[in-house]
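Heads up, the thing below is written out as structure tokens.
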Amino acid sequence: MAKEIRKKSNFVGVVEREIKNAEIMKDKEHPNVLCIKDVEETKESVIVYSKYYKGKTLEDYMDTRAILPINEVKNFFTEILQGLYFLHSKGIVHRDMKNENVFLEIKEDKKYRAVIGDLGFARDTKDSMDTIIGTPITMSPELFEYEVYSDSVDIWALGSMLYKMCFGKYPFEEGNLKKTSRKESTH
Ligand SMILES: Nc1ncnc2c1ncn2[C@@H]1O[C@H](COP(=O)(O)OP(=O)(O)O)[C@@H](O)[C@H]1O
Ligand SMILES: [Mg+2]
């Protein structure tokens, strides 16, 4: 599978970041994290080659189900947690954890394996992070408050993902996000 990132991107630094992330991830393998095989830079674009995951994303899978049975929640959440723990242990913060960015790979026994994908917003945890980036519905209060933040933003998102698996929607509606962030961040 090849993902092409056009160099005329509107997001400043996005191309450099994709190259860096792809390079960082190339020699790291974990069953629950997208496997990047190569990265190629041309004049017009950057092409990231990764393993092809046959199957749906967790978001698509949930589209046809209001909520997931507890056993599926347990399995998916455990796998996503293991993948995220691996990323964090390698010094990478994902910054766009959401059900849409989890692929459900179909294994040989026809069961699913959750794989964290889309490392486009990922960052080295050693770098200071203060950019408001991600997807609003799963973004944590410290991101909104524009404070320096760490890999804890992924844990917040992970909590939102778990909530959605159990209750069919994310815990905070988009309209209430600012209010929520202000309230939570005073604790
Ligand atoms: N390695 C892959 N294997 C299978 N499908 C993929 C793969 N990478 C991306 N996709 C498909 O493309 C979609 C968008 O990919 P993603 O990496 O999340 O890019 P974006 O930055 O556009 O969100 C995914 O939801 C998935 O359907
Ligand atoms: Mg994505």
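The values are calculated or read from the model by the stated rules, or taken from the named source; none is laboratory data. The structure presented is a predicted model; accordingly, all values stated were derived computationally and were not measured. Ideal geometry is used to build each Cβ from the backbone, glycine not excepted, and the neighbour counts take in all protein chains shown.
Taken together, the residues in the range 64-75 that are within 16 Å of ligand 1 (Cβ to nearest atom) and either in contact (Cβ under 8 Å) with a residue 60 or more places away in the chain or surrounded by 15 or more Cβ atoms within 10 Å (Cβ to Cβ) (or both) amount to 0. Residues that are at pLDDT 95 or above and either among the small types (Gly, Ala, Ser) or away from ligand 2 (no atom under 12 Å from the Cβ) (or both) do occur in the range 114-125. Residues of the range 15-29 include none that is at pLDDT 90 or above and either in contact with a helix residue (DSSP H, G or I) (Cβ under 6 Å, 6 or more places away or on another chain) or under 24 Å from SER150 (Cα atoms) (or both). Kindly check whether there is at least one residue in the range 39-55 that is surrounded by fewer than 18 Cβ atoms within 10 Å (Cβ to Cβ), more than 14 Å from ligand 2 (Cβ to nearest atom) and of a type in the set (Phe, Trp, Tyr). Within the range 39-55 (the criterion being surrounded by fewer than 18 Cβ atoms within 10 Å (Cβ to Cβ), more than 14 Å from ligand 2 (Cβ to nearest atom) and of a type in the set (Phe, Trp, Tyr)), the answer is yes, since at least one residue qualifies.
Selection of first residues in the range 138-149 that are assigned to a loop (DSSP other than H, G, I, E, B) and of second residues that are aromatic (Phe, Trp, Tyr), restricted to Cβ pairs under 8 Å at least 6 apart or on distinct chains, gives the following pairs, ordered by first then second residue: MET139/TRP156; SER140/TYR149; SER140/TRP156.
Here GLU41 passes the criteria (1) touching a helix residue (DSSP H, G or I) at 6+ places or on another chain (Cβ under 8 Å); (2) within 16 Å of ligand 1 (Cβ to nearest atom); (3) within 29 Å of GLY91 (Cβ to Cβ) except the one numbered (2).
Set side by side, the residues TYR52, TYR61 differ, and just one is within 14 Å of ligand 1 (Cβ to nearest atom) and farther than 19 Å from MET97 by Cβ, which is TYR52.
The single condition among (1) under 24 Å from LYS110 (Cα atoms); (2) away from ligand 2 (no atom under 16 Å from the Cβ); (3) touching a Ser or Thr at 6+ places or on another chain (Cβ under 9 Å); (4) not β-branched (Val, Ile, Thr) that LYS7 does not meet is (1).
Residue count for the range 94-150 satisfying the condition of being surrounded by 22 or more Cβ atoms within 10 Å (Cβ to Cβ), over 25 Å from LYS51 (Cα atoms) and within 15 Å of ligand 1 (Cβ to nearest atom): 1. For the condition out of contact with any Ser or Thr (no Cβ under 8 Å at 6 or more places or on another chain), basic (Lys, Arg), within 16 Å of ligand 2 (Cβ to nearest atom) and at pLDDT below 85, ARG95 does not qualify. Residues considered: ILE24, ILE36. Of these, the only one that is more than 16 Å from ligand 2 (Cβ to nearest atom), crowded, with 17+ Cβ neighbours inside 10 Å and over 24 Å from GLY168 (Cβ atoms) is ILE24. Taking the criterion of being in a strand (DSSP E or B), more than 13 Å from the chain's Cα centre (by Cα) and of a type in the set (A, V, I, L, M), the only residue of the range 107-137 that qualifies is MET129.
The one condition from (1) at pLDDT 85 or above; (2) out of contact with any Phe, Trp or Tyr (no Cβ under 7 Å at 6 or more places or on another chain) that ASN176 does not meet is (1).
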